[in-house]
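Have a look at the structure below before the remarks.
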Amino acid sequence: MSRIPIIAGNWKMNMTSLQAIELVNGIRYGLKFPGNVDVVVAPTFLCLKEIANLLKDSYIGIAAQNLHWKSDGAFTGEVSGPFLKDAGAEYVIIGHSERRQYFGETDESINLKIKSALQAGLIPIFCIGETLEERESNLVESVLRNQILTAMDGLAPSEVEDLVVAYEPVWAIGTGKTALPEQVEETHAFIRSVIMSQFGNVAEKIRIQYGGSVKPSNSKELLSLPNVDGALIGGASLKASDFIQIIASII
Ligand code: PGA
């Protein structure tokens, strides 16, 4: 089963409009023909529309970093799927570990967000991953199984097919520590098997990204693993040359 890899840059709370414009221009003119790979950037809400307009005829797609699960209403400070779609987003990152850790997101609220993203025609980039403590207590499989089954509860296989799953061990995010390639492959295969047991063969179509300190020096090895279908990149996505090198390592 050939899956088109997807490389996504999660800018987090970085990049003013001007910096963002400079960065995406650096990417699109620095790498003109990305080949058989989907490339996505996730700006802040504030410059998402501007960046989406700028990239309209380019190969770079746009993701939001979060959404609310209701489509509209009295939810001060929140942004929903239909607004993101209207602004030009095609994807939305859901359940990033920073949102789980600092903003109280749970697998239950993530489940609502995934459903509402799909409803709005956005492709969820659904993040899962264990903490260091959970890894050291041998809980990786049970934690991931629980995250997947709760957050994907009630989805139809046809909806699951569109999902992108991002496996990001929490201890590897922004720390410079990457999981070993054999750990990554084993975990990705496990994730696919859990999705397979719940939703059937559609699991073969789902793209599973790895995330956590991916950089030009380790991307080739990680991205060549059979069950790794791309990467979700934080720090290294803020520099056009690093991001391009990571994309180039999969082409
Ligand atoms: P990092 O972040 O590449 O800086 O480790 C990854 C992420 O949080 O998605």
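The values are calculated or read from the model by the stated rules, or taken from the named source; none is laboratory data. These figures come from a predicted structure and were not determined experimentally. Cβ coordinates were reconstructed from backbone atoms using ideal geometry, including for glycine residues, and neighbour counts include every protein chain displayed. Side chains included, ligands, DNA and RNA excluded: accessible areas come from the protein's heavy atoms. Shrake-Rupley method; radii C 1.70, N 1.55, O 1.52, S 1.80 Å.
Inside region 233-250, can you point out the residues that are open to solvent by 50 Å² or more (accessible area, probe 1.4 Å) and under 17 Å from the mean Cα position of the chain (by Cα)?
G235, L238, listed by residue number.
Out of region 1-42, which residues are under 19 Å from G88 (Cβ atoms) and hydroxyl-bearing (S, T, Y)?
Within region 1-42, T16, S17 qualify.
Suppose the filter is open to solvent by 50 Å² or more (accessible area, probe 1.4 Å) and either of a type outside the set (F, W, Y) or at pLDDT below 95 (or both); does G77 pass it?
Judged against the criteria, G77 is a match.
Hey, among the residues in region 60-69 that are out of contact with any strand residue (DSSP E or B) (no Cβ under 6 Å at 6 or more places or on another chain) and not in a strand (DSSP E or B), which one's nearest to the ligand (Cβ to nearest atom)? Quick ask: steps written out before the conclusion?
Narrowing region 60-69 to residues out of contact with any strand residue (DSSP E or B) (no Cβ under 6 Å at 6 or more places or on another chain): 62, 66, 69.
So of that shortlist, the ones also not in a strand (DSSP E or B) come out as 66, 69.
On the way: N66: 13, W69: 21 Å.
Of everything passing the filter in region 60-69, N66 is nearest to the ligand (Cβ to nearest atom).
Look at region 22-58 and say how many of its residues are open to solvent by less than 60 Å² (accessible area, probe 1.4 Å) and more than 18 Å from C127 (Cβ to Cβ).
Counting residues in region 22-58 that are open to solvent by less than 60 Å² (accessible area, probe 1.4 Å) and more than 18 Å from C127 (Cβ to Cβ) gives 18.
Identify all residues within region 1-58 that are over 14 Å from the mean Cα position of the chain (by Cα) and of a type in the set (D, E); write none if there are none.
The answer is E22, E50, D57.
Taking the options Q101, Q19, name whichever one is more than 16 Å from the ligand (Cβ to nearest atom), modelled with pLDDT of 95 or more and either open to solvent by less than 10 Å² (accessible area, probe 1.4 Å) or out of contact with any strand residue (DSSP E or B) (no Cβ under 7 Å at 6 or more places or on another chain) (or both).
Q19
Could you list all residues from region 175-195 that are closer than 14 Å to L132 by Cβ, buried (at least 20 other Cβ atoms within 10 Å of the Cβ) and hydroxyl-bearing (S, T, Y)?
T178
Take region 214-232 and flag every residue that is within 22 Å of E161 (Cα to Cα) and within 16 Å of the chain's Cα centre (by Cα).
L223, N227, V228, D229, G230, A231, L232
Need the failing condition index for V37 against (1) free of Cβ contacts under 8 Å to residues at least 40 places away in the same chain; (2) more than 24 Å from N111 (Cα to Cα), just the number.
If we test V37 against (1) free of Cβ contacts under 8 Å to residues at least 40 places away in the same chain; (2) more than 24 Å from N111 (Cα to Cα), just (1) comes out false.
Sort out which residues of region 104-136 are open to solvent by 50 Å² or more (accessible area, probe 1.4 Å) and of a type in the set (D, E), and write them in order of number.
E108, E133, E134, E136
What tally of residues in region 23-36 results from selecting those that are touching a Phe, Trp or Tyr at 6+ places or on another chain (Cβ under 9 Å) and not charged (D, E, K, R)?
So the answer is 7.
When you go through E108, E50 one by one, which is the residue that is touching a residue at least 12 places away in the same chain (Cβ under 8 Å), more than 16 Å from the ligand (Cβ to nearest atom), more than 29 Å from L18 (Cα to Cα) and out of contact with any strand residue (DSSP E or B) (no Cβ under 8 Å at 6 or more places or on another chain)?
Answer to the check: E108.
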